[in-house]
Every structure is written in structure tokens, then in C-alpha cells.
Amino acid sequence: MTTTPADRPTIVLVHGAFADASGFNGLISALEADGHTVVAPPNPLRALASDAASIRTRVAAVDGPVVLVGHSYGGAVIGHAADGLDNVTGLVYLAAFGLDVGESCLSAQEGYEPSLLGTENAPTPYDAPGAPGGPDLYINPGRFREVFCGDSSDELARTMYATQRPLSAAAFTEAATVRGWDRKPSWYLVSNDDNSIPPQLQRDMAARMHAHTEDIDASHTAFVAHPKRVADFVGRAAKDFAKAV
């Protein structure tokens with residue numbers, strides 16, 4: 001890959017559960033229009049440590065600075081993946097899990113008002129292929145839009161439901177063993193209308209990371225409905241990280 005200057009790093013977008021990288025289409029277009037090189041590798045969604053290893057391999061191959069951007073479960077992945085990667089200048093969380101050591105995506109939510117996702121996920125009757133054990137998890141069709149993408153159109157929500165990629169229960173319950181965010185600067189975009197991860201949990205994770213934090217009145221997938229707004233946030237984060245390089 002072509003080496004990039006610190007103020008124009010490669011942006012690596014890591015999607016979360018129930019989605020694939022195509023959800024970043026609008027965000028990619030907006031970032032590229034601002035002059036960024038963007039990569040959006042597939043997140044396997046099988047197990048936290050192995051998912052992070054997959055992303056780490058891709059990031060390590062980039063010749064030049066990288067900003068890692070994680071959405072939802074992808075935040076847990078980038079926290080793991082960033083550990084030991086010298087070319088990562090900073091981490092950006094989009095309504096994402098910023099786990100501490102010993103926490104899982106499930107345990108991090110204890111003590112918070114349950115999200116709609118907690119009651120609207122559907123486990124498969126079979127074990128998740130390629131995962132350590134347990135079922136795959138999907139979002140039920142009846143309230144998919146409300147849970148995941150409430151500010152998107154009905155038509156787009158139907159497509160997102162039909163193409164959703166499941167998260168293994170093993171990945172959702174696997175505890176973090178590293179926290180890359182305590183050695184990298186971070187920015188966090190809180191989705192105020194999120195029905196998948198409680199907004200207060202998002203704020204608390206951001207505060208724990210000492211992240212620069214902003215709010216957006218949007219659903220769990222703010223980058224789908226508001227790609228330019230989110231691209232501006234990511235771009236400003238990249239410039240801020242470059243100052244510390």
C-alpha cells in the first residue's frame with residue numbers, strides 16, 4: 001500500500017454485529033471525498049481474540065499511519081487489535097464497546113437499563129460455525145429497524161435485516177484481555193437514540209477512556225443515515241491524532 005502522511009492516514013473501518021462492511025458505503029464515499037484512503041475489512045464475528053487477530057493482520061500490512069474506527073462490537077475488536085501496532089495513531093468509536101480487561105460486551109451492560117437488542121435477539125438452534133461454541137445471534141425481524149437503524153428508511157432497514165451477519169454468542173460473551181485504548185488517543189461518538197447499546201453506557205465508556213466525546217441524535221447506525229456528519233467526526237479525529245505523532 002502507498003505510504004500516507006500523518007495528517008492523511010489510512011482509515012480502517014471495522015463493522016460490528018448484524019452487519020457487514022457495506023453499511024459503511026456512504027461513510028467511505030464521504031471520507032474519500034475528503035482525501036482519505038479507506039479500508040473496510042470483514043470482521044469475522046466469531047470470537048473476540050480471533051476477530052482482533054484478523055483485523056490486526058490487515059492493519060499491520062498498511063504502510064503508513066492508520067486510524068482504527070470501530071462500530072458497536074467492532075469497538076471491542078479494535079481495542080484488542082490496536083495492542084502492539086505502532087502504526088495506529090488513534091481509535092475512533094462509533095456507538096461502540098470500549099471494553100476494559102475482564103469485560104465482555106454482555107457483562108459491560110450490567111447495571112444499565114436493558115436495550116431493545118437484549119430482548120429482540122434470536123439465537124439459532126445450532127452452534128455458530130467457526131466459533132468456540134454456542135449459537136449465532138440475529139435480530140428479530142419485527143423490530144429490526146427500531147433496534148438497529150431507526151433513522152433509516154423502511155426499505156433500507158428491510159435490506160439490512162435480510163443481509164445481516166450474525167454474531168456468535170461466544171464473541172458476545174468473551175472477555176477482553178487487553179485494552180489498546182489506554183495507550184492510544186481516542187474519540188467517541190455517542191448515539192443518543194441508540195436502542196442497541198445504552199447511550200449512558202457509551203458515555204461512561206468514553207469517559208473511562210478519556211476520549212474526546214461528541215453526541216449525535218441518531219440511531220445505533222448513525223453513519224448510515226448521517227454519513228457526512230460522521231465522516232467529519234472521523235476526519236477531525238484523524239487530524240487531532242496526527243498532532244501527537
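Provide the net charge surrounding A17, with neighbours chosen by a C-beta distance below 12 Å and charges set as Lys +1, Arg +1, Asp -1, Glu -1. Each step should come with its number before you reach the end.
Numbers: positive: R46, R165; negative: D20, D51, D136.
Around A17, the charge tally is -1.
For the chain, what's the relative contact order in percent, using C-alpha pairs closer than 8 Å and at least 6 residues apart?
Values: 545 pairs, mean separation 60.4, N = 245.
RCO, the chain: 25 percent.
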TODO: Within the set of other residues whose C-beta is less than 13 Å from the C-beta of S72, count the net charge using Lys and Arg as +1 and Asp and Glu as -1.
DONE: -2
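Percent of accessible area on the range 80-168 owned by carbon and sulfur, 1.4 Å probe?
On the way: 2160 of 4170 Å².
Answer for the range 80-168 is 52 percent, counting heavy atoms of protein chains only.
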TODO: Could you bin all the Cα-Cα distances of the chain into 5 Å bins starting at 0 and give me the percent of pairs in each, rounded to whole numbers?
DONE: 1, 7, 15, 20, 22, 18, 11, 5, 1, 0, 0
- [ ] At 7 Å along the Cα-to-beta-carbon direction for both R229 and D193, put a label point, then send me their distance in nm to one decimal.
- [x] 0.8
Open item on the list: Can you give me the solvent accessible area of K184 with a 1.4 Å probe, rounded to the nearest 10 Å²?
Closed with: 40
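Could you work out the relative contact order of the range 9-73, using alpha carbon pairs under 8 angstrom and six or more residues apart, expressed as a whole percent?
That works out to 52 percent.
Could you give the accessible area per residue of the range 58-115, probe 1.4 Å, as a whole number in Å²? Don't skip to the answer; put the middle values down first.
Details: 1740 Å² over 58 residues.
On a per-residue basis, 30 Å².
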TODO: Taking a cut-off of 17 Å between Cα atoms, list the aspartates and glutamates near K228, but don't count ones fewer than 8 places away on the same chain.
DONE: E32, D34, D151, E214, D215, D217
TODO: Any chance you could give the angle, 0 to 90 degrees and rounded to 10, that helix 227-243 forms with the longest Cα principal axis of the chain?
DONE: 40
TODO: With a point put 7 Å past each Cα toward its Cβ, work out how far V101 is from Q200 in nm, to one decimal.
DONE: 2.9
Task: Set of lysines near K184 by C-alpha distance (under 18 Å), chain-local residues within fewer than 8 positions excluded - done: K239, K243
Task: Antiparallel bridges, percent of DSSP beta bridges restricted to the chain (to nearest 5) - done: 20
Open item on the list: I need the calculated FRET efficiency for the pair Y126 and R208, taking r as the beta carbon distance and R₀ as 30 Å, to the nearest 0.05.
Closed with: 0.25
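Would you tally the net charge around S191, using a Cβ to Cβ cut-off of less than 13 Å, leaving S191 out, and scoring K and R as +1, D and E as -1?
Values: positive: R203, R229; negative: D151, D193, D194, E214, D215, D217.
With Lys, Arg at +1 and Asp, Glu at -1, the net is -4.
The values are calculated or read from the model by the stated rules, or taken from the named source; none is laboratory data. It should be emphasised that the depicted structure is a prediction, and the values quoted were computed from it without experimental measurement. No Cβ is skipped: glycine too gets one built from the backbone with ideal geometry, and neighbour counts run over all protein chains shown. Note: accessible area is taken over every heavy atom of the protein model, side chains too, but ligands, DNA and RNA are not part of it. Shrake-Rupley method; radii C 1.70, N 1.55, O 1.52, S 1.80 Å.
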